[in-house]
Amino acid sequence: MTKNKKILGLLGLSARAGSISFGTDSTIAEIDKNKIKLVIVATDASERTKRKFINKCEKSSIPIIEFGLIEEISKSIGKQNKAIIGVKDNNMAREIEKINRGDVNG
């Protein structure tokens, strides 16, 4: 299984468990409540959106990764046109980061 498929699968699990937020406004609100452990920004998100979340995550000391296309990550969580996903579960966030870094064998 590829790195991308593993991460998309974990996002799908997180969505079914209700442990993600998606979309700009919702994710920013959850960051402000200190509920987000990891932010995922689609690689094809606008530069303005990327900059906004990079700054927000730096201020809040939240890890952020750029991953997947909007269509891919949206489909994995059963939504449409979502460029931003906030992961609320600590273990899931750590696992996604680990896979993204390539620390896990396929």
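Numerical summary
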| quantity | calculated |
| --- | --- |
| Residue match in region 66-82 (condition: part of a helix (DSSP H, G or I), modelled with pLDDT of 95 or more, hydroxyl-bearing (Ser, Thr, Tyr) and crowded, with 17+ Cβ neighbours inside 10 Å) | yes |
| Residues (buried (at least 16 other Cβ atoms within 10 Å of the Cβ) and within 25 Å of LYS6 (Cα to Cα)) located in region 40-64 | ILE40, VAL41, ALA42, ALA45, LYS50, PHE53, CYS57, ILE62, PRO63, ILE64 |
| Complete set of residues in region 32-50 that are of a type in the set (Lys, Arg), without any contact (Cβ under 8 Å) to a residue 12 or more places away in the chain and part of a helix (DSSP H, G or I) | ARG48 |
| Residues of region 9-31 classified as without any contact (Cβ under 8 Å) to a residue 12 or more places away in the chain and outside any helix (DSSP H, G or I), total | 1 |
| Cross-chain or 6+ apart pairs with Cβ under 6 Å, region 51-62 first and farther than 16 Å from ILE84 by Cα, then at pLDDT 95 or above and of a type in the set (S, T, N, Q) | none |
| For ILE31: the one exception among (1) under 15 Å from ASN91 (Cα atoms); (2) β-branched (Val, Ile, Thr); (3) touching a Gly at 6+ places or on another chain (Cβ under 7 Å) | (1) |
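The values are calculated or read from the model by the stated rules, or taken from the named source; none is laboratory data. Bear in mind that the values here come from a model prediction, so they are computed numbers and not experimental data. Note that each Cβ is placed from the backbone with ideal geometry, even for glycine, and that neighbours are counted across all protein chains shown.
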